[in-house]
Each structure stands twice: as structure tokens, then as C-alpha cells.
């Protein structure tokens, strides 16, 4: 059964502006992208200066080690982390904030995450 | 010999094979007024031409600059327009890649760090490590540490190096502190001892 798209709901990779007249007087920058590779699925959403990352890794490797290092590299201030291992999967949700003066794109974050996860998995399987 | 219409060229396969079998040139029947060959395919050919004309008109409506109205020029202008668009796409994507590269590598970021220690002190929050046993090879830990950049990643790296695996993890930042709760176990099924683990975590926190 097809799910009806709600008004204002973004398509994959859609870039739009959100505005709530009662709360905000200015437009908020908003972007969302989803990327998939063989073993990793990443969902990155940016609203204003807040970045939410959902990560699902199909193989058990130390997700948190690699992702937390990458978040430091990207100057993302960690606010909240939740998740863990479910069978042979590991699933995490990261809430971060873009540091003042830094400029990031959802596509860049997603691409780097996929790259890091895939290379670390390749390294782990070789070891 | 030139004709305004090309319909006289249309010959059915039956007629063509008949002509080749007989080995003779079949005399073409032209209508004296129109000089058109009366073919069975005439209607089909007309429909084909109409379809082609309508598609060309559609193409003409999409392409903003059309220099001439003949078919060849419409197609040529469309090709030029598409090439321009492709160049634009390429230049914009290059620009985007450059922007991403500069934002990540060369842009000087003003990292505003709150004095976390001060904040924790004001709210009466103290650094602590609590370890509880869940079962034989599973422990629950609660860690409260001062929030500093890169501290969480260093903690994760240290735990990984000591062979501690985090099963379920929760991190919250509040009042200048990291509150981390997690279920942990030994990587290769090793049994973790409460006091030993607590001391290890305490040492890790002091180091990072």
C-alpha cells in the first residue's frame, strides 16, 4: 500500500525551506539525503544548524569509534547518541550541531560516513 | 527530377518483390495533377510525417532560441541548447565540490566552547562512574564526564582498545556534561569484573 506524502514532506535529497510563522521570522535551511552502500545505510538531515544522522551498519564493526572520529573531523558538536547492536546489525542515531562559522552539506556528511564505514569494514575483514 | 512531396517513393513490399521477380522496371502510375504515386502506404506515411512535425514543434517550444524554422535548424539548435545545459551542470557540480572541500578543510571555524567545568560546578554535577552487573558477561555502566570536544571519540577508542564492546549506548549532553549509559561486554566473550572495569573506566576518563 502506498503511503500518502504529507504536505511539506521532503523527497529524497530534497532541499527546501521550512517556516513556521508563529515561531520563526526567518527561513531555516533544511536538507535531507539518504545514501546506501553494500553494508551501510546513512540518513542525514540538516535543519538550521542541527544535524541528525541515522546509521545502519549491516556488519558488526565498531561503528561508534569511526563515526565519533568523523564527527570531530567535521566539527560537529555531539548532542545525543542512541543505539546499539541488533543481531548482526548496528543502528545508531546521532544528534549534532554545526559549529558556528562552519558550513556543511548533507551530501558531504553522508558521502564521508559511507566512505569511512566501508573502508573500516574492509580493513576489519582483512585483519 | 524533383517533387514537392516524397510520397511517390513509397512502394509496398509486395510491389517491390513483384518487380524484382519479373526483372522489369514497373511503370509508375502518377496522377497527372499532383504527380503523386498512388500507394497503399500513403495514409501511414502522412500520419508519420504529421507525428514528426508535431514532435518537432514540441521540441521548438522547449528550446528557447530557434534561429530558423526548418527541421534541420530546430534539431541543431536543440543540440546546442542541450550541450549548454550539460556544461552548466558540470560547472555547477564542480563549484559545489569546491565549496564542500573548502568548508571541510580550509574554512576557519569559530569553535565556541562553553566552559563546561564551570557549568557543571554551577549545577552541582560531579564526574562519576557507576558499574552494575546485569548477568555473568554483561555490565551496565553510567559515566558522567565534563563535555569536551573529541572526548567521546577518545573514550570509544579506549574502550575498543581494551576489548570492551558496547551493546546499547545512550549519550546525552546537559549542563556542560556528557551523560553516557551503556550495556557492555567483553569482546571475545571474556567475563568483565565490576571493580576492575570501574577502575579501568576511571583511568580512561582521567587520561582523556
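Points to keep in mind about this one:
- Among residues of the stretch B:137-161 that are more than 11 Å from chain A (Cβ to nearest Cβ) and touching a residue at least 24 places away in the same chain (Cβ under 8 Å), those with a beta-carbon under 6 Å from a residue that is in a loop (DSSP other than H, G, I, E, B) and surrounded by 18 or more Cβ atoms within 10 Å (Cβ to Cβ) at least six positions away or on a different chain give the pairs B:139/B:192.
- Answer residue from the stretch B:166-180, given it is assigned to a strand (DSSP E or B) and in contact with a helix residue (DSSP H, G or I) (Cβ under 8 Å, 6 or more places away or on another chain) and is farthest from the other protein chains (Cβ to nearest Cβ) among those: B:177
- Cβ separations smaller than 6 Å between residues 6+ apart or across chains give the following pairs from the stretch B:69-87 residues that are free of Cβ contacts under 8 Å to residues at least 12 places away in the same chain to residues that are loosely packed, with under 13 Cβ neighbours inside 10 Å: B:73/B:67.
- A count restricted to the stretch A:103-123 and to residues that are crowded, with 17+ Cβ neighbours inside 10 Å, more than 10 Å from every other protein chain (Cβ to nearest Cβ) and in contact with a strand residue (DSSP E or B) (Cβ under 7 Å, 6 or more places away or on another chain) stands at 5.
For every residue, the table says whether it meets (1) loosely packed, with under 10 Cβ neighbours inside 10 Å; (2) within 14 Å of chain A (Cβ to nearest Cβ); (3) under 30 Å from residue B:145 (Cα atoms); (4) at pLDDT 80 or above.
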position: B:24; (1), (2), (3), (4): yes, no, no, no
position: B:34; (1), (2), (3), (4): no, no, no, no
position: B:37; (1), (2), (3), (4): no, no, no, no
position: B:106; (1), (2), (3), (4): yes, yes, no, no
position: B:111; (1), (2), (3), (4): no, yes, yes, no
position: B:115; (1), (2), (3), (4): no, no, yes, no
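A quick yes/no check of all residues on (1) modelled with pLDDT of 80 or more; (2) closer than 30 Å to residue A:73 by Cα; (3) touching a helix residue (DSSP H, G or I) at 6+ places or on another chain (Cβ under 6 Å):
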residue	(1), (2), (3)
B:47	no, no, no
B:52	yes, no, no
B:59	yes, no, yes
B:73	yes, no, no
B:79	yes, no, no
B:86	yes, no, no
B:100	no, yes, yes
B:124	yes, no, no
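- Residue match in the stretch A:37-46 (condition: at pLDDT below 75 and surrounded by fewer than 19 Cβ atoms within 10 Å (Cβ to Cβ)): no
- Residue that is farthest from the other protein chains (Cβ to nearest Cβ) [pool: residues in the stretch A:83-102 that are farther than 15 Å from residue B:165 by Cβ and exposed (fewer than 15 other Cβ atoms within 10 Å of the Cβ)]: A:93
- Test result for residue A:55, outside any loop (DSSP other than H, G, I, E, B), more than 10 Å from every other protein chain (Cβ to nearest Cβ) and within 24 Å of residue A:122 (Cβ to Cβ): yes
- Single residue of the stretch B:184-208 satisfying the filter (crowded, with 18+ Cβ neighbours inside 10 Å, within 14 Å of chain A (Cβ to nearest Cβ) and farther than 17 Å from residue B:127 by Cβ) that is modelled with the lowest pLDDT: B:185
- For beta carbons closer than 8 Å, sequence separation of 6+ or different chains, a first residue in the stretch B:169-181 that is within 19 Å of residue A:62 (Cβ to Cβ) and a second that is in a loop (DSSP other than H, G, I, E, B), the qualifying pairs are B:178/B:147.
The values are calculated or read from the model by the stated rules, or taken from the named source; none is laboratory data. All of these numbers come straight from a predicted model, not from anything done at the bench. Glycine also receives a Cβ, built like all others from the backbone with ideal geometry; neighbour counts cover every protein chain displayed.
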